[in-house]
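Visitor: Structure incoming, see below.
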4 protein chains.
Amino acid sequence: MATETRKRKADHIRISSNQNVQARKATTGLEDIHFIHKALPEIDKQKINLSTTIFSHKFVAPLIVGAITGGTSEATKINAIIAETVEELGLGMGVGSQRAAIEDKKLEKTFSITRKKAPTAFLIANIGGVQLVHGYGLKEAKKAIEMIEADALAIHLNPLQEAVQREGQKNFEGVLEKIGAIVKELDVPVIAKETGAGIAAEEAKKLEAAGVKGIDVSGAGGTSFAAVEYYRVKRKANSFQRRLGDVFWDWGIPTAISIVEVSQTVTVPIIASGGIRSGVEMAKALALGASLTSLSQPVLHAANKSVEETKNVLSLLIEELKTSMFLVGADSVQALQATPVVLTGKTAKWLKMRKFDVEGYARRKRS
Amino acid sequence: MATETRKRKADHIRISSNQNVQARKATTGLEDIHFIHKALPEIDKQKINLSTTIFSHKFVAPLIVGAITGGTSEATKINAIIAETVEELGLGMGVGSQRAAIEDKKLEKTFSITRKKAPTAFLIANIGGVQLVHGYGLKEAKKAIEMIEADALAIHLNPLQEAVQREGQKNFEGVLEKIGAIVKELDVPVIAKETGAGIAAEEAKKLEAAGVKGIDVSGAGGTSFAAVEYYRVKRKANSFQRRLGDVFWDWGIPTAISIVEVSQTVTVPIIASGGIRSGVEMAKALALGASLTSLSQPVLHAANKSVEETKNVLSLLIEELKTSMFLVGADSVQALQATPVVLTGKTAKWLKMRKFDVEGYARRKRS
Amino acid sequence: MATETRKRKADHIRISSNQNVQARKATTGLEDIHFIHKALPEIDKQKINLSTTIFSHKFVAPLIVGAITGGTSEATKINAIIAETVEELGLGMGVGSQRAAIEDKKLEKTFSITRKKAPTAFLIANIGGVQLVHGYGLKEAKKAIEMIEADALAIHLNPLQEAVQREGQKNFEGVLEKIGAIVKELDVPVIAKETGAGIAAEEAKKLEAAGVKGIDVSGAGGTSFAAVEYYRVKRKANSFQRRLGDVFWDWGIPTAISIVEVSQTVTVPIIASGGIRSGVEMAKALALGASLTSLSQPVLHAANKSVEETKNVLSLLIEELKTSMFLVGADSVQALQATPVVLTGKTAKWLKMRKFDVEGYARRKRS
Amino acid sequence: MATETRKRKADHIRISSNQNVQARKATTGLEDIHFIHKALPEIDKQKINLSTTIFSHKFVAPLIVGAITGGTSEATKINAIIAETVEELGLGMGVGSQRAAIEDKKLEKTFSITRKKAPTAFLIANIGGVQLVHGYGLKEAKKAIEMIEADALAIHLNPLQEAVQREGQKNFEGVLEKIGAIVKELDVPVIAKETGAGIAAEEAKKLEAAGVKGIDVSGAGGTSFAAVEYYRVKRKANSFQRRLGDVFWDWGIPTAISIVEVSQTVTVPIIASGGIRSGVEMAKALALGASLTSLSQPVLHAANKSVEETKNVLSLLIEELKTSMFLVGADSVQALQATPVVLTGKTAKWLKMRKFDVEGYARRKRS
């Protein structure tokens, strides 16, 4: 099992690097969010404070490098580079799927390298939500956490990915209850995390009630796992599976919509992810109600090379976020979250149809 | 007459196979319907029950292969292949226009082959609505039914097709009354079926009052019969008729709109058809209020070849439907029909203008 | 003066035939008007009555060939062909600008040919509105009418055209009053006619109050007179005038919007013109509230050739109109005007902003 | 410092002339503003009075040539040409950034040439708002004014430009207070002017309260200073800075939106600028509530050549404005400002979200 899982994960990283697996028709919806430029920011850009304390951890900036890889020697290198970079920058990091390493102790070091390289950064372990109804439980969750001395555990909710994979586990009965059971027994906060199809208000409410301490929306509009499967399968000429990847390529709730659905429904912190590609988009996600942002694709290339290149990419994203904040006169993440933004297009229409407050964003702080 | 009709039908199938006769500017409107992905489906995909009982018949899945062909030896082969396939999969099938065979007994076997190959599947006979005011009546209806021992009779309402055909019958006076008269005398349920231009609320209401037991909307956005005529005429260089085909190419009520107009107006079961090309679109049609879906174009190529290929196509569509249901946590067709969907774009605007409830779809089941 | 006017008019006809002088960004808005197809038309297409009595004249179909040309020998031929055709079909015809012939008796025959060829058809004479404040008056109006024994007089309101022509008359002070004065003294009904930029509610109201008996909206979206000037000037390399033609190319109120603005404001009959290119568009214009439709561009080519070709073009347009009526179950122009249509897009938004009733169109006759 | 500033300004003018530094995705929003054509203008175009008195100065037409250049010998020539032209036409002119000349007396003549060439035209001096918190004060403001015997002082608010420039000053703390202090001490009116990213209602209110006598919105949709920086940096291969220019290329409040936000919030005169490229757009800006319009890009090429060419460009723009006014029957700027306009698209949606009155524009003067 571990070998197969490992091979699949290696496929994933190779395909994501070499093929265009970004959404085709779906967009994040962030293009429908408009900041209201402030000609008089009345702040000093240098004094902008990007730090934020979430999950009782102080982040130098509200940025996490999302789960990318693990389980191979190549992964070890990538994980080490990312870990060293986020340690240096005071950010957070989620590791790739730890499933293979939970089942094969030899692979643990491909993950544990992150804590070695990042003794103080916020590290997020993970476990598949669907695994909880296929034999996994508290023991495996703790193993995942201990493997990297994690500050939090992300439970990956990935029904789309499982659905389009031939070998995917397609029974999600009782996942919520299992999550509820685990949450209570762990010492670290549990984050419910989608993997590219977004989280709706209904699910957010149930997850909060089950005790999760954070929600990572991972909406549609960025990397599509159905697309990854499309390419993985393509080479095997299995047209049945390939067509599934094609038909579901753009499935999911766009990131901007998911952030609003969740933030107007629950009070736990929200991590915005799914197609975020610039600091301006990070700023928009935070203005919509997210507490942290997370991204993987923009660092994929750099993390294969060096700490320096990875640091350049992340620093630039942070500089873009800071510049956005400067231009709306927000000197803190909190101030950014209170700054007015205008929602238009399909994003505004979807949210109104679902009875969420859209006007409030545009009118807040108008006096 | 029969020969001419047969020749025309043979033209149709040839053109549909070789020319692009899909809508140009019109779309089904299904692209304006958005599912709300469920990160926690809380169901087992394997346990999803696609079966549905409509017209007192149990369908293994809510899928019918729509009326394609008949009357020629090539048609016999195609009909046999489709029949064998739907029998094996527990689906339904509508045969092509039976008019030629009603008038020429020798052609009957090109249709009756379907019941031989599909002893238990749901078979739908047909008669042209407009024929009812041009000499046809109960006798012909019964003949059509008996020819294939049909489970239902579809009365084709095809004013657009008749209008753009030079030889078309363009007197529809009294069709409704004739339908009402026949409905009462038949032992099988009668389905009113458009042929690509959709059914509006007003007509649905009248049809239900006349006693029809089901409505097949067959909306715009898929194969255009005006386009078929355009190509049929083109070869004869009759520019007058050709321009008619061109001007009316995209005429009609888009499928998604027609489903909503009809489902919010009558209580008889709705068959969704017109441009449905994937299981996701089947799922959307059901979520909007349809009880069954019907399609022809996606099996056209396979049904010319073999049962195996046709089965592959239909199985994949069903798998896509099932995957859609899994991803919104619907373990039955009924559950799918209650799942929230968001309507945007022209589809939402049309329906609001016409005073149908659009918000209800987006908000149902939110608690 | 007459020579110059004649030359300019000859330029116009040549440019309109050889250059693309259709609107570039502007559209008629008719693409935002959607018929609701009737699967059960319940009428006999052959019995559809297209005849309509407007200005106490019975038109076999609600179609007028708009003002095209006059003043040259080429124009005589074109006018004769159109006149003979509309006589045969029982339609109406407006002649081209009669100004040159009013000023030079020798040119009269280029216009009077129409009445010779069309003894009973509805013929519309014309006079420039702006000429009324530049020396023209009752005498010239009567001369124009008598020249073709006209059934009506169109007063052309063409401020855009005058504005972009170097030699244009740009003083419109008192035009309305002059129109009011003339209206009273004439035996034939006066129609106020724009020439491609549309008529707004405000102007319609004033015109009706001044006594005009019909309004020809001639909206934007079809042939652009600014574009004609652009090409006329281009050859003379006068960049100043050329740029004016370019900047105002798409100026004006789109045809669909103008029909609604006027029809919801006044009670006199409306002639819909401006970019109407098919019988479906004629039907849409009538459904929005017009009593007659008028077009020039579609017959331009044929009217240069023969009565037969012109008849073909007009007959096809009428057939398309009839087919549209058949497909919405309207057996008369009056019935068509009461049939529901759905307005979407920019057209619906403009009209709502201006507080016109948009929903009414979509909901009428729903029971 | 002066040398560096001068070099940067020279870079700006060179890049603006040779590279496409116009907005890519952003538009001015003026394409969403629609005039309601008047078929009966009832005015004499020749009598249209374009003159307007703003800041106690009579402008022959509501047009200012915006701040372009200064500080180099090439700039002297350009400034002289523009000045001579606006003097002749009775317009206004803003000079380019005077910072270099404030710091280096030798450069003064590159600006003072304007007053020599334009003894009576409205000349606008300028000072950077952010400089006021970096050492500048009343003395420098007076120096700028005296240098050209200015009629007004524009305080440039350019946080976007500073933010994307490596050497930019990014501390805007206290700028508003400093503006307030200066305003009181100066004899000429102070205009707060953005430089391409627009001014929001919130800032307009604060600026008015601080005592500024006019607001130049300079919205997004025209020349992008982020784009200028993108090209300036490109040649130095500093990818970090280049990416900033790229990401912020389209940042800002579109011009049409900014005019409405400001005009519905304050009572001081508004100068509309940012992407205005024709007299029709000038007319739209005035109809939305601006008192003057300002533009630079359209004269860039001509101002490098001769007074005659510059005069041609400006005269044509004025002729287009006058033609627009003629076509809506407005014989004065005041009348134009009361004429109805329809707002659609993203512009209308943004403004509604922000609770500004949009319908009022479409319905005013309807009786």
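Since every read-out is calculated from the coordinates, none of them should be taken as a lab result. What you are looking at is a predicted structure, and each value in this text was computed from that prediction instead of being measured. Positions of Cβ are generated from backbone atoms using ideal geometry, with glycine treated the same way; all protein chains shown enter the neighbour counts.
Visitor: Restricting to bridges with both residues inside chain A, how much of the DSSP beta-bridge set is antiparallel, in percent to the nearest 5?
Guide: Just about 20 percent of them are antiparallel.
Visitor: Quick check: net charge around residue C:131, other residues with Cβ under 10 Å of its Cβ, Lys/Arg +1 and Asp/Glu -1?
Guide: Cβ neighbours under 10 Å give a net charge of +1.
Visitor: Let me ask something else about it. Can you list the residues of the stretch D:220-260 with backbone N under 18 Å from a point 7 Å past the Cα of residue D:301, pointing along Cα to Cβ?
Guide: Those under the cut-off are D:222-224.
Visitor: Separate question: Among C:22, C:34, C:67, whose Cα lies farthest out toward the positive end of the dipole of the stretch C:15-67, if unit charges sit on the beta carbon of Lys, Arg (+1) and Asp, Glu (-1)?
Guide: About the Cα centre, the residue reaching furthest to the positive side is C:67.
Visitor: For the stretch C:32-176, list log₁₀ I(q)/I(0) at each q in 0.15, 0.19, 0.22 Å⁻¹, using the Debye formula over Cα point scatterers of equal strength and ignoring solvent, two decimals each.
Guide: Once normalised to I(0) and log-transformed, intensities are -0.81, -1.09, -1.30.
Visitor: Shifting gears a bit: How big is the dipole moment of the stretch C:28-122 about its Cα centre under a simple scheme where the beta carbon of each Lys and Arg is +1, that of each Asp and Glu is -1, and everything else is neutral? Debye, nearest 20, please.
Guide: Dipole magnitude for the stretch C:28-122 comes out near 380 debye.
Visitor: Using a Gaussian network model of chain A whose springs link C-alpha atoms within less than 10 Å, name the residue from A:266, A:247, A:228 with the highest mean-square fluctuation.
Guide: A:247
Visitor: If you add up the charges near residue D:119, with Lys and Arg at +1 and Asp and Glu at -1, over every other residue whose beta carbon is less than 13 angstrom from its beta carbon, what do you get?
Guide: -2
Visitor: Evaluate peptide B:118-128: per residue, the Cβ atoms of other protein chains within 10 Å of its Cβ; return the mean as an integer.
Guide: 0
Visitor: How big is the Kirkwood radius of chain C, worked out from every pair of different alpha carbons and given in Å to one decimal?
Guide: With all distinct Cα pairs of chain C included, I get 20.5 Å.
Visitor: While we're looking at this one, here's another question. So for chain A, taking the charge dipole from beta-carbon charges (+1 Lys/Arg, -1 Asp/Glu), which of A:280, A:125, A:304 sits furthest toward the positive end?
Guide: A:304
Visitor: Once the Cα gyration tensor of the protein assembly as shown is diagonalised, what are the square roots of 5 times its eigenvalues, in whole Å and ordered largest first, as equivalent ellipsoid semi-axes?
Guide: Semi-axes, largest first: 54, 54, 23 Å.
Visitor: Highest GNM mean-square fluctuation, chain C, Cα pairs closer than 10 Å: which of C:303, C:210, C:197?
Guide: Judging by the Gaussian network model, the answer is C:210.
Visitor: Evaluate peptide D:312-324: per residue, the Cβ atoms of other protein chains within 10 Å of its Cβ; return the mean as an integer.
Guide: That average works out to 3.
Visitor: Same structure, new question: Taking R0 as 51 Å, what's the FRET efficiency between residue C:240 and residue B:4 from their Cβ-Cβ distance, rounded to 0.05?
Guide: After rounding to 0.05, the efficiency reads 0.20.
Visitor: Could you give the nm distance between label points at residue A:47 and residue D:47, where each point is 7 Å from its Cα heading toward the beta carbon?
Guide: So the two model labels end up 6.0 nm from each other.
Visitor: Could you check what % of the DSSP bridge pairs in the protein assembly as shown are antiparallel, to the nearest 5?
Guide: 25 percent
Visitor: Picking from A:344, A:293, A:223, which is most flexible by a Gaussian network model of chain A using Cα springs under 10 Å?
Guide: A:344
Visitor: If you filter the stretch D:277-307 for trypsin sites (Lys or Arg not before Pro), then keep DSSP loop positions with at most 13 other Cβ within 10 Å, what is left?
Guide: When the trypsin sites (Lys or Arg not before Pro) of the stretch D:277-307 are filtered for loop state and at most 13 Cβ neighbours within 10 Å, D:305 remain.
Visitor: Just in the stretch A:26-90: which chymotrypsin sites (Phe, Trp or Tyr not before Pro) are loop by DSSP and have at most 16 other Cβ atoms within 10 Å?
Guide: Answer in residue order: no site qualifies.
Visitor: Taking the Cα centre of each part, how many Å lie between the stretch D:331-364 and the stretch C:51-67?
Guide: 39 Å
Visitor: Only four residue types carry charge here, +1 at the Cβ of Lys and Arg and -1 at the Cβ of Asp and Glu. Report the dipole size of the stretch C:22-77 about the Cα centre in Debye, rounded to the nearest 20.
Guide: 80 debye
Visitor: Any idea what the dipole of the protein assembly as shown comes to, in debye rounded to 20, about its Cα centre with Lys/Arg Cβ at +1 and Asp/Glu Cβ at -1?
Guide: 1520 debye
Visitor: Something else: Post the alpha-carbon centroid distance, the stretch A:74-120 to the stretch B:239-313, in whole angstrom.
Guide: 51 Å
Visitor: Helix-only mean residue ellipticity at 222 nm, the protein assembly as shown, DSSP H runs n ≥ 4 weighted -39,500 (n - 2.57), per residue, nearest 500. What is it?
Guide: -13500 deg cm²/dmol
Visitor: Report the GluC sites (Glu not before Pro) located in the stretch C:137-210 that are in a DSSP loop and have at most 12 other Cβ atoms inside 10 Å of their Cβ, or state none.
Guide: C:167
Visitor: Oh, and also: When you look at the Cβ of every residue in A:344-356, what mean number of other chain Cβ atoms sits within 10 Å?
Guide: 5
Visitor: Among B:350, B:330, B:315, which residue has its Cα positioned farthest towards the positive end of the charge dipole of the stretch B:306-367, with +1 placed on the Cβ of Lys and Arg, -1 on the Cβ of Asp and Glu, and the dipole taken about the Cα centre?
Guide: B:350
Visitor: Which pairs in the list B:139/C:322; A:352/B:365; D:193/D:311; B:58/B:352 are over 23 Å apart, alpha-carbon to alpha-carbon?
Guide: Result: B:139/C:322; D:193/D:311; B:58/B:352 exceed 23 Å.
Visitor: What percent do you get for the relative contact order of chain B when only Cα pairs under 8 Å and 6+ apart count?
Guide: Contact order relative to length: 22 percent.
Visitor: First check a/c for the stretch C:5-110, with a ≥ b ≥ c the square roots of the eigenvalues of its C-alpha gyration tensor; if it is under 1.5, answer rounded, and if not, answer prolate when a/b is larger than b/c or oblate otherwise.
Guide: oblate
Visitor: Let me ask another. In terms of the Cα gyration tensor, with a ≥ b ≥ c the square roots of its eigenvalues, is the stretch B:178-294 rounded because a/c is under 1.5, prolate because a/b exceeds b/c, or oblate?
Guide: The shape class here is oblate.
Visitor: Also, I was wondering about something else. Mind running the shape call on the stretch C:237-367? Use the C-alpha gyration tensor, a ≥ b ≥ c as the square roots of the eigenvalues: rounded below 1.5 for a/c, prolate if a/b tops b/c, oblate otherwise.
Guide: Oblate, since a/c reaches 1.5 and b/c is not below a/b.
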